[in-house]
Amino acid sequence: MQAPSQEMVNMRHETPMDLEMQAAQETVKAAMALEVPLQHDMESHRLPNLCSMDMDQVARCNFSEGCHAAEDNRDQSAVKTEDLVPCNGSICAITSLYCAFPACIGCQADGTLLFIQQRQACCKPLDCKDENKRFCAVVEQQRYWKIPQEILECKNQCFCLDSRCAIPCNDEVPCLLNSCGLNCMADFKPACGCCKKIGDLIPRLKK
């Protein structure tokens, strides 16, 4: 009976780890033969440091295909806070009339809770400025995870009625104290007026 060769004896004692190491060595040899540069680290593939990015710009980016950028960097379906006429305001919650035409057509909802954000729009007019000349966002929906910048923010618009709230208050949901269209405080300052637009009560929002 013929004795087993040394090569066969070695194969019997090889573990799966040994086989993987051999395969890796063969790959390295093949790459060197082809003069392909080896990747010793992931430095060249490192993603940009998220903390060095402009997070305000990231937070405002909707990645929406249907909505096109307006001149003030808001998408065409966004409700302009300065055009709202508040009917009721309780510090961090506002109910308003939105009479800007044709922007008031359709419905839109935009909500953020800590790191969860979602946005929906229906039958909102567009500006036809994209290559496909789109003029209406029939149905639009996005959901994201984001870096938390507020506790809560919710905005809902259905044709001429708009309601919104935020904790804490911000430029999209400014601090207002209003009842039946009569206003006595805006942006944490005394501001009296009747049926005035938010942009008239808080002029800085028009800039």
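The values are calculated or read from the model by the stated rules, or taken from the named source; none is laboratory data. These figures come from a predicted structure and were not determined experimentally. Quick reminder, even Gly has a Cβ in these numbers, built from the backbone with ideal geometry, and neighbours come from all protein chains shown.
Quick notes
Here is a yes/no grid of residues against (1) within 22 Å of residue 112 (Cα to Cα); (2) of a type in the set (Phe, Trp, Tyr); (3) without any contact (Cβ under 8 Å) to a residue 40 or more places away in the chain:
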{"position": "154", "(1), (2), (3)": "yes, no, no"}
{"position": "161", "(1), (2), (3)": "yes, no, no"}
{"position": "167", "(1), (2), (3)": "yes, no, no"}
{"position": "178", "(1), (2), (3)": "no, no, no"}
{"position": "184", "(1), (2), (3)": "no, no, yes"}
{"position": "187", "(1), (2), (3)": "yes, no, yes"}
{"position": "196", "(1), (2), (3)": "no, no, no"}
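- Failed item, numbered, when residue 109 is tested on (1) more than 15 Å from the chain's Cα centre (by Cα); (2) in a strand (DSSP E or B); (3) among the small types (Gly, Ala, Ser): (1)
- Unique match (being at pLDDT below 90, over 20 Å from residue 86 (Cα atoms) and loosely packed, with under 13 Cβ neighbours inside 10 Å) among 124, 133: 133
- Looking across region 80-90 at every residue that is closer than 17 Å to residue 205 by Cβ and surrounded by fewer than 22 Cβ atoms within 10 Å (Cβ to Cβ), the one that is nearest to the chain's Cα centre (by Cα) is identified as 80.
- Residue, farthest from residue 176 (Cα to Cα), within region 136-165, restricted to residues that are surrounded by 14 or more Cβ atoms within 10 Å (Cβ to Cβ) and of a type in the set (Lys, Arg): 146
- Residue selected from region 92-141 under the condition without any contact (Cβ under 8 Å) to a residue 12 or more places away in the chain and of a type outside the set (Lys, Arg), by the criterion nearest to residue 198 (Cα to Cα): 101
- Any hit, region 168-176, residues being under 17 Å from residue 87 (Cα atoms), more than 21 Å from the chain's Cα centre (by Cα) and not aromatic (Phe, Trp, Tyr): yes
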